[in-house]
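Rule-based calculations on the coordinates, nothing more; no lab input. A quick note: this is a predicted structure, and the numbers were derived from the prediction, not measured. Note: ideal-geometry Cβ built from the backbone for every residue, glycine included; neighbour counts use all protein chains shown.
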Ligand code: TYD
């Protein structure tokens, strides 16, 4: 692979989207060629799976169904978009990738981590991000931001605080196990200072 894969992770309301926007502006200003994708989503089929995953229905979703759907969406976006872009030598930015499944479905829902690791590998053809930003906020901060959020919460955002507590702890463990790949960012810092930190870290790793 000639390209460079950057992923963003964190619990809901951590501020990922704003940071991705900031990064995109900087890459555009520098005329760097990049692809931006989101998970679940990024292709016609993955966006359909996203709808099934995030819409609240009158029926509970089984955790295994949930995990396999996230993985199915990931296999599609990986094979349709990510692999090609990396092959062409592009910078690829992904708003969530397989670490979301390890944190949410593995640590959050309690699905066996060995199975998760195998299926994550299978769904991504073994691709690993070159750099992953974990934007970390605590549960109190998440609840505060949730209250301020406009509009209805989706099925995942509407999970109990206890679930997000496990997801956050899971993320911190995953990051701790792979310090080479992960950068843990304090999500309570200002948008501008986080954005500068992210830009610095990327520039430490690749020549843009
Ligand atoms: P989204 O609206 O994209 O949230 P965010 O802006 O926080 O990324 O919804 C994605 C939701 O799906 C989010 O709650 C995280 C969850 N998710 C998983 O549980 N497992 C996964 O593998 C992925 C990719 C996302």
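Cα centroid separation, region 156-208 to region 31-107: 18 Å.
Of all beta bridges that DSSP places with both ends in the chain, some 0 percent have antiparallel geometry. Thinking of region 134-208 as a set of Cα atoms, what percent of all their pairs are more than 14 Å apart? Taking all Cα-Cα pairs of region 134-208, the fraction more than 14 Å apart is 70 percent.
The equivalent ellipsoid that matches the C-alpha gyration tensor of region 40-104 spans semi-axes of 25, 12, 9 angstrom, in descending order.
How high is the relative contact order of the chain, given as a whole-number percent (alpha carbon pairs under 8 Å, six or more residues apart)? In percent, rounded to a whole number, it is 33. Treating each Cα of region 4-205 as an identical point scatterer and summing with the Debye formula, the log10 of I(q)/I(0) at q = 0.14, 0.18, 0.19 Å⁻¹ comes to -0.82, -1.43, -1.60.
Residue order for 77, 24, fewest other beta carbons within 10 angstrom first, comes to 24, 77.
Think of it as helices only: each DSSP H run of n ≥ 4 in the chain is worth -39500 (n - 2.57), and spread over all residues that comes to -15000 deg cm²/dmol at 222 nm.
The order of the peptides 111-117, 70-76, 167-173 by mean Cβ neighbours within 10 Å, most packed first, is 70-76, 167-173, 111-117. Over region 76-132, the pair-distance histogram of Cα-Cα distances with 10 Å bins from zero comes to 22, 51, 22, 4 percent, rounded to whole numbers.
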